[in-house]
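Here the structure comes first, spelled out in structure tokens, and everything after it is commentary.
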Amino acid sequence: MTTADRVAAVVAKWCQASPEELTPDTRLDDLDLDSLSRLETALGLQREFRVAVDDTRMNDAETIADVIAIVETSPPKTGDPDAV
Amino acid sequence: MTAAAVVAGLGSALPERAVGNDELAARLDVTPEWIERRTGIRSRRFADHTTPTSALAAEAARGALADAGLTSADGAFNGAVDALIVATYTPDYQIPATAPLAAAALGLGAVPAFDLNAACSGFVYALATAAGLIATGARRVLVAGAETASTLTDPADRTVHPLFGDGAGAVLLRAGDPGEPGALLATDLGSDGTGAGRLAAPGSASRARLLDAEGGRPRPDPSSYFMAMDGREVFLQAVARMSASSRTVLDRAGVKPSEVDRICGHQANVRILRAVADELGAGHDRLLVDLDRVGNTGAASIPLALDRARGAERLDPGDTVLLTAFGGGFTWGSALLRWPDTHPRKAGRS
């Protein structure tokens, strides 16, 4: 599975879409993702990719492509809860 | 051998008045579905001014005593327990503490009775404290979590007011063997006061607030009085701290996450509970959820959820049960126990 596929699978868990419907151009505002869903998605991405996702970046993301970029540029996650 | 704390009985107390999302939604200019979707909460109970925190604590404690088979012909329980701890962040008064009032209502006699404020983590803190008392010689300790949190939220604040409800839950702990059903296996507690401003209520004690609300006094400045919360930061910290603390307590007990039968987290938001389960790799079917009917009842939430789950036969004797909580402070704590062989409560008991 590509990074894009894995990102789509995570995002799809917290919105009303299926992973197949999500393309890099899909806008998060069109997915009915509320602010809490974006936090949940950030936590889901951390588990899937073992990276420390900055939730403020997740909050500012506009498209699936932005989310893919966040995953690709986030540092590895440590065991420290403060790293969330 | 050091005595272990063993759960001998549970009790609950909920005020009569149920307040559904529809009632709040109209006033707060949101929809009932908005509240439920964001929190999982459908209803909560609000106490009236004749039902302070101490009365709820005493009622729940009385239920725990009866559940453990301790009855009293004259309604007093003199000598029945060696201490009463009331976990609450909504005490009746600044002084006296809530626990002596509840102890007097129960006729416990001249036993130590004190409050413990670790906000929504208070029940887990109180369990650990009670286990310490038992390890140093106490035979029976009553632990109640009790709140009238409705008094501490601004009725006009849509982000906070719908979340909270009033109620109490109690457990009776007795000295026993670490290997027997009901035994508390391990605990973990923590705090981080640098997060103090993220979840705070600077106001006065709850009895005065109830009188304010019922007595028609003018509403004070909400910023000096009511609870305020940075929901985003609290969500993230709650998930991180509850997950890490859960792992710690499992490590201490030598139990794998896959061996946990039920997770009873502090009932703040079902989405926090699901995220904690995800972090632990546990299926959502293992979560005990009670907030749908009572909202966030602070230090009362875990014993209320346990008592409901037992009544619904979602807890079996011998089950490994993980308790985990997070609250203002910040504070957090977890405990692991083996579910005791108590009788399910009879239908119709309050």
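Coordinate-derived values only; no laboratory data. Values in this document were obtained by computation on a predicted structure and should not be read as measured data. Cβ sites come from the backbone with ideal geometry, for glycine too, and all protein chains shown count toward neighbours.
Descriptive notes on the structure:
- Since only B:Gly165, B:Gly281, B:Leu108 are under comparison, the one whose Cα sits farthest along the positive direction of the charge dipole of the protein assembly as shown, derived from C-beta charges on Lys, Arg, Asp and Glu, is B:Leu108.
- FRET E, pair B:Thr136, B:Thr248, Förster distance 22 Å, beta-carbon r, rounded to 0.05: 0.40
- Modelled spin labels at B:Asp316 and A:Ala9, positioned 7 Å past Cα toward Cβ, are 3.2 nm from each other.
- DSSP H segments from chain B that extend 20 Å or more along their own axis, Cα-based, with Kyte-Doolittle mean of -1.0 or above: B:53-67, B:231-253
- Binning the C-alpha pair distances of chain A at 10 Å intervals from 0 yields a P(r) profile of 19, 58, 20, 2 %, listed from the shortest bin outward.
- Gap separating the Cα centres of the stretch B:283-333 and the stretch A:26-71, nearest whole Å: 29
- Computed magnitude of the charge dipole of the stretch A:3-76 (debye, nearest 20; Cβ of K, R +1, Cβ of D, E -1): 380
- The magnitude of the dipole of chain B, with charges of +1 and -1 set on the Cβ of Lys/Arg and Asp/Glu and taken from the Cα centre, is near 100 debye.
- For a label point 7 Å along the Cα-to-beta-carbon line of B:Arg27, residues of the stretch B:115-150 with backbone N under 17 Å: B:148-150
- Relative contact order (percent, whole number), chain B, Cα cutoff 8 Å, 6+ residue spacing: 25
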